[in-house]
Amino acid sequence: MDKNIYKPYLAELREIKRETPDVKTFKVEILEDIDFNYLPGQFAMVSVFGRGECPISFSSSNFRDDLIEFSVKRLGKVTVALHELEAGDRIGVRGPYGNGFPIDDWKGKNLVFIGGGIGQAPLRSSIRHVLAERESFDRIDIFYGAPSTEEIVFEDELYQLEDRNDLNVYLSIDEKEGGWSRFVGFVPENVERIAPSSENSIALTCGPPVMIKFVVKNLKELGFESDEIFTSLEMKMKCGVGKCGRCNVGSLYVCKDGPVFSYDQVQESPLSIEEI
Ligand code: FES
């Protein structure tokens with residue numbers, strides 16, 4: 001069947017995993033006979049029947065995951081309603097929308113992923129995509145930070161990635177906790193401490209705006225050019241379809257022109273990334 005990106009498809013929640021006290025990952029199967037292909041960084045409009053619809057980034061990879069995954073923080077009316085659902089319940093999914101990370105353009109390069117909190121969702125999709133063809137990329141560094149151990153999303157997966165010898169993982173929590181042997185401090189400090197090389201490198205970052213602000217500053221000090229730093233501004237989106245006018249960054253609309261931007265695209269806008 002031809003896919004119509006404006007039509008919501010009926011989908012079923014196959015599995016729900018609690019990641020943190022307010023984040024869950026939903027594994028979703030589209031119940032209609034369509035090829036639902038998407039890129040890391042793209043998003044879908046997810047509807048909870050009778051409660052509304054909201055934009056949510058994919059946290060899975062089309063390349064290696066059979067089911068679509070959405071990792072969702074309980075934050076507004078629709079996401080609260082989504083968190084109340086159980087495996088077997090049905091939702092609507094339409095999309096995919098947005099541009100996504102141009103990962104295939106980065107083959108042969110070093111990749112530096114820098115995530116904070118639930119901002120890791122689109123980066124997880126990108127990491128899974130990249131690891132499905134690991135040999136196409138050079139060095140891979142993954143930074144991730146959360147306020148506390150309780151708030152680490154994708155915790156088991158991050159620990160499994162730490163055990164691999166073909167990439168480097170640098171985890172952090174904001175404040176000291178008993179039993180935590182990794183870095184204590186904010187994500188930008190961890191980036192400054194490790195100082196990943198900017199040579200032949202691309203950095204992808206997503207997380208709270210204040211984290212992105214200082215991560216970008218540190219990356220620039222390490223020699224990254226503005227067009228070598230990419231971020232997803234998915235958190236700016238509301239309606240997701242160009243109607244509400246609430247996602248603009250200067251003349252750009254996050255939902256229509258993004259949500260993925262290189263830093264040189266947004267730094268020139270009157271509303272710079274530091275103010276988002
Ligand atoms: S999210 Fe509503 S116009 Fe972009």
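The values are calculated or read from the model by the stated rules, or taken from the named source; none is laboratory data. Source: prediction; values computed, not measured. As a convention, Cβ positions derive from the backbone with ideal geometry for all residues, glycine included, and neighbour counts pool all protein chains shown. Quick note on the areas: whole protein, heavy atoms, side chains included, nothing else; ligands and nucleic acids left out. Shrake-Rupley method; radii C 1.70, N 1.55, O 1.52, S 1.80 Å.
Give me the residue from the stretch 209-259 that is in contact with a Lys or Arg (Cβ under 6 Å, 6 or more places away or on another chain) and among the basic types (Lys, Arg) and, out of that set, nearest to residue 6 (Cα to Cα).
Per the criteria, the residue is 238.
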Check: In this structure, does residue 70 turn out to be part of a loop (DSSP other than H, G, I, E, B) and open to solvent by less than 10 Å² (accessible area, probe 1.4 Å)?
Finding: no
Note to self: All but one of (1) open to solvent by 10 Å² or more (accessible area, probe 1.4 Å); (2) modelled with pLDDT of 95 or more; (3) over 26 Å from residue 246 (Cβ atoms) hold for residue 64; state the number of the condition that does not hold.
What the structure shows: (2)
Next item on the list: Filter the stretch 231-270 down to the residues that are part of a strand (DSSP E or B) and more than 17 Å from the chain's Cα centre (by Cα), then identify the one that is nearest to the ligand (Cβ to nearest atom).
Entry: 253
Next item on the list: Could you tell me which numbered condition residue 107 fails, if it satisfies all but one of (1) of a type outside the set (Phe, Trp, Tyr); (2) in the same structural domain as residue 200 (by TED's automatic domain parsing); (3) open to solvent by less than 10 Å² (accessible area, probe 1.4 Å)?
Entry: (3)
Check: Could you give every pair whose Cβ atoms fall below 6 Å, whose first residue belongs to the stretch 51-66 and is assigned by TED's automatic domain parsing to the domain that holds residue 133, and whose second residue is surrounded by fewer than 19 Cβ atoms within 10 Å (Cβ to Cβ) and at pLDDT 90 or above, counting only separations of at least 6 or pairs across chains?
Finding: none
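Please find, among 220, 213, the residue that is touching a residue at least 12 places away in the same chain (Cβ under 8 Å), open to solvent by 50 Å² or more (accessible area, probe 1.4 Å) and not in a loop (DSSP other than H, G, I, E, B).
Going through 220, 213 in turn, the sole match is 213.
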Notebook entry, point to check: Can you tell which of 164, 128 is of a type in the set (Lys, Arg) and assigned to a helix (DSSP H, G or I)?
Noted result: 128
Checklist line | Test result for residue 241, open to solvent by 10 Å² or more (accessible area, probe 1.4 Å) and among the β-branched types (Val, Ile, Thr) | finding: yes
Notebook entry, point to check: Restricting the first residue to the stretch 248-266 and requiring it to be farther than 14 Å from residue 204 by Cα, which pairs with a second residue that is away from the ligand (no atom under 13 Å from the Cβ) and open to solvent by less than 10 Å² (accessible area, probe 1.4 Å) meet a Cβ separation below 6 Å and a spacing of at least six or different chains?
Noted result: 249/266; 266/273
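Results for (1) open to solvent by 10 Å² or more (accessible area, probe 1.4 Å); (2) at pLDDT below 95, shown as yes or no for each residue.
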{"position": "77", "(1), (2)": "yes, yes"}
{"position": "82", "(1), (2)": "no, no"}
{"position": "85", "(1), (2)": "yes, no"}
{"position": "111", "(1), (2)": "no, no"}
{"position": "116", "(1), (2)": "no, no"}
{"position": "126", "(1), (2)": "no, no"}
{"position": "135", "(1), (2)": "yes, no"}
{"position": "138", "(1), (2)": "yes, no"}
